[in-house]
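Visitor: A single structure is presented below for examination.
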Amino acid sequence: QVQLVESGGGLVQAGGSLRLSCAASGVIFTNYAMGWYRQAPGKERELVASITSGGTTNYATSVKGRFTISRGNDKNTVYLQMNTLKPEDTAVYHCNANLGPIGFWGQGTQVTVSS
């Protein structure tokens with residue numbers, strides 16, 4: 001059974017930092033591209049950052065230079081370091097594991113940035 005479990009969300013003031021983690025089980029982690037998506041109330045889910053199995057990263061324009069995605073293949077975990085947070089970063093952040101047509105989602109973790 002595939003499981004993606006996110007952690008690390010919370011309430012932070014603007015300008016602060018948070019580090020999200022997503023622990024994967026039930027998959028051969030090194031085969032999968034991993035991504036972080038977010039969904040704010042009333043908005044569509046959007047890609048925040050992704051990292052391929054080979055370590056190539058991609059970022060949404062809105063977070064480039066502030067967020068960093070990384071993966072710890074020894075721990076089957078993907079991370080999202082979020083710095084200089086802004087109120088508009090407030091959303092539920094979801095982890096995604098992708099291998100071609102196969103994809104899995106975590107339940108999400110809430111990030112709230114106060115002004």
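Visitor: Could you check the simple spin-label distance between Asn98 and Ala60, using points 7 Å along Cα→Cβ, in nm with one decimal?
Guide: My value for the distance between the label points is 1.4 nm.
Visitor: Provide Leu20, Leu99 ordered by accessible surface of protein heavy atoms (probe 1.4 Å), highest first.
Guide: Descending order: Leu99, Leu20.
Visitor: What accessible surface, in Å², does a 1.4 Å probe find on Glu6, ignoring ligands, DNA and RNA and rounding to the nearest 10?
Guide: 20
Visitor: Shifting gears a bit: Quick one: if the Förster radius is 25 Å, what FRET efficiency do Gln3 and Thr52 give, using the C-beta to C-beta distance and rounding to 0.05?
Guide: E(calc), rounded to 0.05, equals 0.70.
Visitor: Provide, as a two-decimal number, the C-alpha radius of gyration of region 5-65 over 2.2 N^0.38 Å, N being how many residues it has.
Guide: 1.27
Visitor: How big is the dipole moment of region 1-74 about its Cα centre under a simple scheme where the beta carbon of each Lys and Arg is +1, that of each Asp and Glu is -1, and everything else is neutral? Debye, nearest 20, please.
Guide: So the magnitude is around 200 debye.
Visitor: 5 Å is the cut-off here: which amide hydrogens, built 1.01 Å from N in the peptide plane, fall below it relative to Val48, excluding neighbours closer than 5 in sequence?
Guide: HN-HN under 5 Å from Val48: Trp36, Tyr37, Arg38.
Visitor: Here's another thing I want to ask about it. Just for the Cα atoms in region 55-105, what are the lengths along the principal axes, largest first, rounded to whole Å?
Guide: The principal-axis extents, from largest down, are 32, 22, 17 Å.
Visitor: Can you compute 3J(HN,Hα) from phi for each residue in region 100-115, using the Karplus curve 6.51 cos²θ - 1.76 cosθ + 1.60 with θ = phi - 60°, rounded to whole Hz and x for Gly and Pro?
Guide: After applying 6.51 cos²θ - 1.76 cosθ + 1.60, I find x, x, 9, x, 10, 10, x, 6, x, 9, 7, 10, 10, 10, 8, 8 Hz.
Visitor: Which ³J(HN,Hα) values, rounded to whole Hz and listed in residue order, are derived for region 32-48 from phi using the Karplus coefficients 6.51, -1.76 and 1.60 in 6.51 cos²θ - 1.76 cosθ + 1.60 with θ = phi - 60°, glycine and proline given as x?
Guide: Those phi angles translate into 9, 6, 10, x, 10, 10, 9, 9, 8, x, x, 10, 7, 5, 10, 6, 9 Hz.
Visitor: Looking at the calculated P(r) for the chain, what percent of the C-alpha pair distances fall above 25 Å?
Guide: The proportion of pairs with Cα distances above 25 Å equals 16 percent.
Visitor: Where the centroid of each part is defined by its Cα atoms, how far is region 1-39 from region 53-115 in Å?
Guide: A separation of 6 Å, based on Cα centres.
Visitor: Roughly speaking, to the nearest percent, how much of region 26-115's 1.4 Å accessible area is carbon and sulfur?
Guide: That fraction is 49 percent.
Visitor: Follow-up. Taking only C-alpha pairs under 8 Å that are 6+ residues apart, what is the relative contact order of the chain in percent?
Guide: RCO, the chain: 36 percent.
Visitor: Also: How far apart, in nm, are the 7 Å Cα→Cβ label points at Ser114 and Asp74?
Guide: 3.8
The values are calculated or read from the model by the stated rules, or taken from the named source; none is laboratory data. The structure displayed is predicted, hence computed values, not measured ones. Neighbour counts are summed over all protein chains in view; Cβ atoms, including those assigned to glycine, are modelled from backbone coordinates with ideal geometry. Keep in mind that these areas ignore ligands, DNA and RNA; they rest on the heavy atoms of the full protein, side chains included. Shrake-Rupley method; radii C 1.70, N 1.55, O 1.52, S 1.80 Å.
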